[in-house]
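What follows is one structure encoded as structure tokens, with my remarks underneath.
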Amino acid sequence: MTGDGFASIDFGSSGSQVATLTVTGQTGIATGDHVECWVMGNGTTVDHNAYEHAIVPLTIKCTAIVAATSFTVLGVSPIHLTGLFKFRWIWSTITP
């Protein structure tokens with residue numbers, strides 16, 4: 001199985017270097033599946049334009065999968081960020 005989509009991670013109005021988001025509704029995901037997340041250079045939100053999405057030093061990683069439910073995304077930056085950043089994600093079942 002596979003799933004894909006996009007979401008926005010929120011560093012808040014006062015900002016932070018770390019933010020998390022749980023992506024729910026993933027009924028087909030299993031604990032051993034592979035999840036990838038990334039910030040697209042053409043992404044935009046109410047807080048940041050495509051240029052900011054392209055150059056911001058932001059690492060997005062999957063940190064936890066809950067079978068048939070969700071996965072959690074961790075966003076980390078070496079600088080203090082504020083507001084929403086859009087990211088894309090995809091997961092797939094890996095069979096031996």
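The numbers here are math on the coordinates, done by the rules we state, and not lab data. All values derive from a computational prediction rather than experimental measurement. FYI the Cβ positions are ideal-geometry reconstructions off the backbone, even for glycines, and counts take in every protein chain you see.
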Cα pairs beyond 12 Å in the stretch 57-96, in percent, come to 70 percent
Answer check: the chain, Cα atoms, Kirkwood Rh, Rg/Rh ratio of 1.00
For residue 73, the residues 5 or more places away or on another chain with a placed amide H closer than 5 Å to its own amide H are 21, 22, 23, 63
HN-Hα couplings for the stretch 78-89 via Karplus (6.51, -1.76, 1.60; θ = phi - 60°), in whole Hz with x for Gly/Pro, come out as x, 10, 6, 10, 10, x, 8, 10, 7, 9, 10, 8
Treating only Lys and Arg (+1) and Asp and Glu (-1) as charged, each at its beta carbon, one finds that the chain has a dipole about its Cα centre, in Debye to the nearest 20, of 60 debye
So for R0 = 22 Å, FRET eff. of residue 4-residue 54 from the Cβ-Cβ r, to 0.05, ends up at 0.60
What the Cα atoms of the stretch 28-81 span along the principal axes, largest first and in whole Å, is 35, 21, 17
Per the helix-only model, the chain has a calculated mean residue ellipticity at 222 nm (DSSP H runs of ≥4, -39500 (n - 2.57) each, divided over all residues, rounded to the nearest 500) of -1500 deg cm²/dmol
